[in-house]
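Chemist: I have a structure I would like to understand better, so I am pasting it below and will then ask my questions one at a time.
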Amino acid sequence: MRRAAAVTVVILLLTALPTMHADRSDPFKLLGLEYYRDWGSVGEISNLTMHGLIEFARNNVSDESQYRDVMRLIAALQAYESTRIALIDAGRFYIAGSRVESPFYSPYRGFDVRWTPMTAKTADGLLRAAFMVYTCGVHRPFNPVAGLDHYPAQFLSRAFDRGTYLFNGTYVPYRCTWEISKKSGTVPSGVVLYNQTLGWVSVNGSEDYSVSITYRCGLGQWQNGAWMTGEDIKNYIAFLYTWAYEDFQGDPYYEPKLELAENLSNIVGFSFNGNSYTVYLRAREPLVDDLLASKYLFYPQLPWELYWAMGELVANEERYGIYGTNYVFIPEELSSWGYPEDDYPVDLFDNKSLEDLDRVIVKLMTGKGPDIPGIDWGKAFVRLILDRTFHSIYGHFLIGNGPYVFVEAAPEKISYRMERFKGWRDVVGEILPTEGSAKTIYCVGTSYADRLIEKVAAGEYDVFLKGYSTDYYQKLQEYAKEGKIKLYRASDGVYGAVLNPYGENGLPVITDEYGKPHFNPFAIREVRLALNYLINRSELASGIPGALPAFDRLGPFHPGEGIVENLYGAFNLTQGGNSDYGMALFEEGMEKAKLMLNGTNHTLERINGTWYFDGRKVEIILAVEERNPRYREPHTLEVGNYLRRVLQRLGFEVRLEYWDVYHMYGWISKDEGAWHVYVMRSWPPSSHWTARPQFVPWGFIDVPSEVTVGELLRHLSEE
């Protein structure tokens, strides 16, 4: 069995240490730039600030190495600006029973709802897995057309295979491989495109394309015993085109909520050859190869005839003797009170949906289906028999191509039993697990995470797929020391400080709501940057269970961190800090502030180590989230107290304030206000690092960015 390496240590506490750079004569090498290697290649972007560079990346990047360089430059600008300083990567903890071996595990994301139960080994081949079910709201329907990216459908995804999966920050082949040809030209003969009225039609030979992708897919068997063929792929694509466009007013085969048209509109045409197909695109979008390949990979998760049968149930209920029910793929809205009265979503676990879908299938088998160009219902006859046989055995139509079959399903009890599929699955990828370890998986949903610790420790369950915060750390450690559970650490967001860079009329002064002026040292870049060096991230992390030093929003284990981690060595930033350099920067910044205030009616002086502004002690307003544990992030107070001690050593008085999130947004979104530092937590970003070159820690707080790329590069070369 091919599988990714799984980490089975009790708690993983590793982190990358930024590389120290000795040669500072070449800032381009210092930052590890590949595309921008000298001043001549930098060109116009030398005048861009961080926000300008982000906008540039969205519209002007044309090369992957350029894309990575823009990421590095954005991260470097963020470090130099230091308006947002990342401090620690908080931990959360996943648990498995003592008898479980080798569960799939990522130090960034933790347990995975698909791969962890699939790979966890037990001596008897039985795995009892629990997953979290939230009591608020109603879950979306179980049908692959609407998507299975929601709980609890994600957990049940082992019945279905996709062509590609996200792994370690990149989409990798699973049931399909691909080759991208960057050669542009005119589409060759034989290229076709689906039209609901005409079927598959030849593309005009004058059509041009800019890039093409050839996919080669493993086929294998469906769980009803039918063999997957190239027709499954081709007819699935035709299904998507049919439902993407409104060919005439009131077209029943149209569902805008599926949002298919935007993706399909970039396609010039297809050529099919058995288990492979080539797609020709008008524009190369997105830029990065794996994102591009995943976007235009069409690999069905159900036999093609089931897609079209569901389509008939949605489009033509009355044709099949179904009255009084308006079937839809996606309801108009989804609220805690249920679906709108007029919408009934197709749900392959719902008895009414199953009965009516079976009625449609019977009509299709007897030749009473509509004539649809390009679709031969006669070829589906035997397959429809197998579909109905599967339904009669298992009680549902979730006929997938994945490693496990639903043999018992009780959605109302949130309880499922899955057995390993004994048919042939043609998995062509070589990175992710192919087959499941467990012969049988019992899947149970729960709304009470607190109780699961004892249940896993007692052996009632083998794994729980939701991580625990450090609030549970002591209890988890006790059970781990007793050998009753195994702990697996994952990232739970980065804590850091937002510094107020604002000043009034070019001065480091801010005014409160009462008109009282306050000195703002963080309006001076040197002071902000100094704080980055004066903080000992290792010391801070050592006082918080499971915490690790962090230099950006990504944290040490995010797959994208490898692109930017050496940047911090370019600044000589280390986990332990650099107090001598930090103090030198601080003194430089405060002298600069004094000069800025000369000739004004303000004074700034230090007396016996304490700073005074206009004769009063300088008071730093350090805001953390409110005291109420229900609303407070777990570690904002610990981080706030640490920062208070650092600022007090610099000669400032510090006033700790407790703000709720609305107060915070109200002040920080303004260009004014009497605050200096806000401690906050950033949720873990997507593990797909190529999705957006956005490396500033908290993009939703719009603080100014004044340093240009050119200024940054000159700073690094002069250090």
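Chemist: Regarding LEU260, is this residue surrounded by fewer than 20 Cβ atoms within 10 Å (Cβ to Cβ) and closer than 30 Å to SER65 by Cβ?
Modeler: For LEU260, the condition - surrounded by fewer than 20 Cβ atoms within 10 Å (Cβ to Cβ) and closer than 30 Å to SER65 by Cβ - is not met.
Chemist: I would also like to ask the following. Condition first: of a type in the set (Gly, Ala, Ser), in a helix (DSSP H, G or I) and at pLDDT 85 or above. Now tell me which residues in the range 32-80 satisfy that.
Modeler: Taking the range 32-80 and keeping what is of a type in the set (Gly, Ala, Ser), we get 32, 40-41, 43, 46, 52, 57, 62, 65, 75-76, 79.
Applying the additional criterion that residues be in a helix (DSSP H, G or I) yields 40-41, 43, 46, 52, 57, 65, 75-76, 79.
Correct list: GLY40, SER41, GLY43, SER46, GLY52, SER65, ALA75, ALA76, ALA79.
Chemist: Considering only residues of the range 189-229 that are small (Gly, Ala, Ser) and touching a residue at least 40 places away in the same chain (Cβ under 8 Å), which is farthest from GLY269 (Cα to Cα)?
Modeler: Per the criteria, the residue is GLY225.
Matching residues to (1) in contact (Cβ under 8 Å) with a residue 24 or more places away in the chain; (2) closer than 28 Å to ALA226 by Cα:
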position	(1), (2)
PHE248	no, no
TYR277	yes, yes
LEU281	yes, no
ASP290	yes, no
GLY311	yes, yes
ALA315	yes, yes
TYR320	yes, yes
ASP347	yes, yes
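Chemist: Given (1) touching a Pro at 6+ places or on another chain (Cβ under 8 Å); (2) more than 30 Å from ARG68 (Cα to Cα); (3) part of a helix (DSSP H, G or I), identify the lone condition not met by LEU302.
Modeler: All conditions are met except number (3).
Chemist: Any residue that is crowded, with 22+ Cβ neighbours inside 10 Å, under 30 Å from TYR105 (Cα atoms) and touching a residue at least 24 places away in the same chain (Cβ under 8 Å) - is there at least one of those in the range 575-585?
Modeler: no
Chemist: Further, regarding this structure: Which of the residues belonging to the range 410-424 are outside any helix (DSSP H, G or I) and surrounded by fewer than 21 Cβ atoms within 10 Å (Cβ to Cβ)?
Modeler: Matches in the range 410-424: ALA410, ILE414, SER415, ARG417, GLU419, ARG420, LYS422, GLY423, TRP424.
Chemist: Considering each of ARG109, ARG72, ARG68, ARG58 in turn, give the residue that is touching a residue at least 40 places away in the same chain (Cβ under 8 Å) and surrounded by fewer than 22 Cβ atoms within 10 Å (Cβ to Cβ). Give the derivation first.
Modeler: Working: ARG72 fails: surrounded by fewer than 22 Cβ atoms within 10 Å (Cβ to Cβ); ARG68 fails: surrounded by fewer than 22 Cβ atoms within 10 Å (Cβ to Cβ); ARG58 fails: touching a residue at least 40 places away in the same chain (Cβ under 8 Å).
The unique qualifying residue is ARG109.
Chemist: Mind checking which strands (runs of 3 or more DSSP E) fall wholly inside the range 166-257 and carry at least 2 residues that are modelled with pLDDT of 95 or more and surrounded by 18 or more Cβ atoms within 10 Å (Cβ to Cβ)?
Modeler: Counting at least 2 such residues, we get 170-173, 176-181, 192-195, 211-217.
Chemist: Same structure, new question: Looking at the range 460-501, which of the residues that are in contact with a strand residue (DSSP E or B) (Cβ under 6 Å, 6 or more places away or on another chain) and in a loop (DSSP other than H, G, I, E, B) is surrounded by the fewest Cβ atoms within 10 Å (Cβ to Cβ)?
Modeler: Applying the filter and picking the extreme gives SER469.
Chemist: Is it the case, given these coordinates, that PHE551 is modelled with pLDDT under 95 and either hydrophobic (A, V, I, L, M, F, W, C) or in contact with a Cys (Cβ under 8 Å, 6 or more places away or on another chain) (or both)? Steps first, please.
Modeler: Details: modelled with pLDDT under 95: yes; either hydrophobic (A, V, I, L, M, F, W, C) or in contact with a Cys (Cβ under 8 Å, 6 or more places away or on another chain) (or both): yes.
Yes; evaluated as a whole, the condition is true for this residue.
Chemist: Would you confirm whether or not the range 395-404 contains a residue that is surrounded by 21 or more Cβ atoms within 10 Å (Cβ to Cβ), not in a loop (DSSP other than H, G, I, E, B) and not assigned by TED's automatic domain parsing to the domain that holds CYS217?
Modeler: Yes; the residues of the range 395-404 include at least one that is surrounded by 21 or more Cβ atoms within 10 Å (Cβ to Cβ), not in a loop (DSSP other than H, G, I, E, B) and not assigned by TED's automatic domain parsing to the domain that holds CYS217.
Chemist: Taking the conditions exactly as written (at pLDDT 95 or above and surrounded by fewer than 18 Cβ atoms within 10 Å (Cβ to Cβ)), does ARG388 satisfy them or not?
Modeler: In short, yes.
Chemist: Going through ILE85, ILE95 one at a time, which residue ends up being under 30 Å from LEU713 (Cβ atoms), touching a helix residue (DSSP H, G or I) at 6+ places or on another chain (Cβ under 8 Å), part of a strand (DSSP E or B) and of a type in the set (A, V, I, L, M)?
Modeler: Criteria check complete, one pass: ILE85.
Chemist: Evaluate the following for GLU565: is it of a type in the set (D, E, K, R), closer than 19 Å to VAL654 by Cβ, buried (at least 21 other Cβ atoms within 10 Å of the Cβ) and within 41 Å of the chain's Cα centre (by Cα)?
Modeler: No.
Chemist: Take GLY147 and tell me if it is in a loop (DSSP other than H, G, I, E, B), in contact with a Ser or Thr (Cβ under 6 Å, 6 or more places away or on another chain) and modelled with pLDDT under 90.
Modeler: Criteria not met by GLY147.
Chemist: Going by what's in this entry, would ASP347 be described as of a type outside the set (A, V, I, L, M, F, W, C), at pLDDT 85 or above, within 34 Å of the chain's Cα centre (by Cα) and within 21 Å of HIS391 (Cα to Cα)?
Modeler: Yes; evaluated as a whole, the condition is true for this residue.
Yes/no matrix, rows are residues, columns are (1) more than 30 Å from SER717 (Cβ to Cβ); (2) modelled with pLDDT of 95 or more:
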| residue | (1), (2) |
| --- | --- |
| ALA547 | yes, yes |
| GLY555 | no, no |
| GLY560 | no, no |
| ASN572 | no, no |
| MET596 | no, yes |
| LEU604 | yes, yes |
| PHE613 | yes, yes |
| ARG616 | yes, yes |
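Matching residues to (1) among the acidic types (Asp, Glu); (2) touching a Ser or Thr at 6+ places or on another chain (Cβ under 7 Å); (3) assigned by TED's automatic domain parsing to the domain that holds GLY651:
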{"position": "GLU587", "(1), (2), (3)": "yes, no, yes"}
{"position": "ALA593", "(1), (2), (3)": "no, no, yes"}
{"position": "MET596", "(1), (2), (3)": "no, no, yes"}
{"position": "ASN608", "(1), (2), (3)": "no, no, yes"}
{"position": "TYR612", "(1), (2), (3)": "no, no, yes"}
{"position": "VAL624", "(1), (2), (3)": "no, yes, yes"}
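Chemist: Can you tell me which residue within the range 353-385, out of those that are of a type in the set (D, E, K, R) and under 39 Å from the mean Cα position of the chain (by Cα), is surrounded by the fewest Cβ atoms within 10 Å (Cβ to Cβ)?
Modeler: Quick first cut of the range 353-385, residues of a type in the set (D, E, K, R) only: 355-356, 358-359, 363, 368, 371, 376, 379, 383.
Imposing the further condition that a residue be under 39 Å from the mean Cα position of the chain (by Cα) reduces the set to 355-356, 358, 383.
Values: GLU355: 10, ASP356: 20, ASP358: 16, ARG383: 23.
Residue satisfying both the conditions and the ranking: GLU355.
Chemist: When you scan the range 439-453, how many residues do you find that are among the aromatic types (Phe, Trp, Tyr) and surrounded by fewer than 18 Cβ atoms within 10 Å (Cβ to Cβ)?
Modeler: Matching residues across the range 439-453 total 1.
Chemist: Of (1) in contact with a Lys or Arg (Cβ under 9 Å, 6 or more places away or on another chain); (2) modelled with pLDDT under 95, VAL428 satisfies all except one. Which?
Modeler: VAL428 satisfies every listed condition except (2).
Chemist: Test of understanding: among THR470, THR434, THR440, which residue is among the hydroxyl-bearing types (Ser, Thr, Tyr), within 30 Å of LYS352 (Cα to Cα) and not assigned by TED's automatic domain parsing to the domain that holds THR636?
Modeler: Just one listed residue meets the conditions, THR440.
The values are calculated or read from the model by the stated rules, or taken from the named source; none is laboratory data. Everything numeric here is computed off the predicted structure, so don't read it as measured data. Virtual Cβ from ideal backbone geometry, glycine too; neighbours counted across all protein chains shown.
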